[in-house]
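Here the structure is laid out as structure tokens; the discussion comes afterwards.
Here, each number is a calculation from the coordinates, and none is a lab measurement. Note that the structure is a prediction, hence the values are computed from the model and not measured. All Cβ positions, even for glycine, are placed from backbone atoms using ideal geometry, and neighbour counts span all protein chains on display.
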Amino acid sequence: MDLGELKNYRVRLVGDCLLGAAFLCYVGAFSWEFRYNLVYTDWLENIKLKNIPYSDPYKLEDLLTNDVEVSRLVELATVIRLLHVR
């Protein structure tokens, strides 16, 4: 990532963090479908209307994790499945 991309990322981080924090604080108790609609339909549209910068396309998982963590979780799930089969 070069300096220009980093500056753009810093600007978009405002909206990304707003959506991510709202998700973590508010929607945990609801179904997947309700959470998805709330974040990607209601809240994202509201952020667009208010001209708050955000990453487009917005992906909550990009803010909350990275490729290394996902690989570790997949590896762990595979080991657990193998142990369960035995």
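Overview of values
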| read-out | value |
| --- | --- |
| Separation of the ASP42 and LEU3 label points, Cα + 7 Å toward Cβ, nm | 4.3 |
| Using θ = phi - 60° and Karplus 6.51 cos²θ - 1.76 cosθ + 1.60, couplings along the stretch 44-54 (whole Hz; Gly, Pro as x) | 5, 5, 5, 5, 4, 4, 8, 6, 7, x, 7 |
| Virtual spin-label span in nm between THR78 and PHE30, 7 Å along Cα→Cβ | 3.5 |
| Matching label, mean projected area of the Cα convex hull in nm² computed from the structure shown, candidates [x] 7.4; [y] 6.4; [z] 7.7 | [x] |
| The chain: calculated mean residue ellipticity at 222 nm from DSSP helix runs of at least 4, using -39500 (n - 2.57) | -21500 deg cm²/dmol |
| Gap separating the Cα centres of the stretch 65-84 and the stretch 1-47, nearest whole Å | 25 |
| 13 Å beta-carbon shell around ASP62, net charge (K/R +1, D/E -1) | -3 |
| Contact order normalised by residue count of the chain, Cα under 8 Å, 6+ apart, percent | 41 |
| VAL70 versus ASN51: modelled label distance in nm, points set 7 Å from Cα along the beta carbon direction | 3.3 |
